[in-house]
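Reviewing the structure listed below.
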Amino acid sequence: MSPFTEAVLELLSLTDGHSEPSLRELLEARRPVEMQIARLAAERAEPSDIEAMEDSIVKLMDHVGGDGESRLHFDHFFHYAMGRAARSELLAYYQHQILQGITVVMHDYFIKQEDPDVVVDLHRRTLDAIKGGDLGQVDEVMDEHLAYLERAVL
């Protein structure tokens, strides 16, 4: 085995004992992943993707005053539809891992404290920016979208 290969294997072994990420790490990872997903969705979304995101917003609105678990489901459904619209399986995978980690840590916040009207508004404006295709507008609304949870928990 070459010294280079040994060094690479040694570096890789350092990551084997990875612990569960902190909420701060999850939110820090979420920002670049979701920003890029939204940008790609603005460039690559097909009509069926737009329809799926619209549908998630309608269903989220239908559950604003009701069951928190359903609201959380449709909140995530929007993000996953946006991930599919980006046409990047790897980014969608990272997005899922990050959202899953955040949900485990913040479940009660999403169910009991998060303002669903704000979430609906953020999703609507995010979708409008994606449909418009202006990457500057996408960045602006996604910054606000992501900052909402970041401010609430950090």
Legend entry - Residue that is least open to solvent (accessible area, probe 1.4 Å), among those in the range 47-73 that are in a helix (DSSP H, G or I) and β-branched (Val, Ile, Thr): ILE57
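Yes or no, residue by residue, for (1) open to solvent by 40 Å² or more (accessible area, probe 1.4 Å); (2) more than 11 Å from ALA38 (Cβ to Cβ); (3) assigned to a helix (DSSP H, G or I):
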| site | (1), (2), (3) |
| --- | --- |
| ILE98 | no, yes, yes |
| ILE102 | no, yes, yes |
| LYS112 | yes, yes, yes |
| VAL120 | no, yes, yes |
| ARG124 | yes, yes, yes |
| LEU127 | no, no, yes |
| ILE130 | no, no, yes |
| GLU140 | yes, no, yes |
| ALA147 | no, yes, yes |
Legend entry - Qualifying residue in the range 82-90 (condition: open to solvent by less than 30 Å² (accessible area, probe 1.4 Å), under 16 Å from ARG30 (Cα atoms) and part of a helix (DSSP H, G or I)): yes
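The values are calculated or read from the model by the stated rules, or taken from the named source; none is laboratory data. Remember, it's a predicted structure, so these values are computed and weren't measured experimentally. When we count neighbours, we look across all protein chains shown, and the Cβ atoms used for this are built from the backbone with ideal geometry, even at glycine. The accessibility values were calculated without ligands, DNA or RNA, using every heavy atom of the protein model including side chains. Shrake-Rupley method; radii C 1.70, N 1.55, O 1.52, S 1.80 Å.
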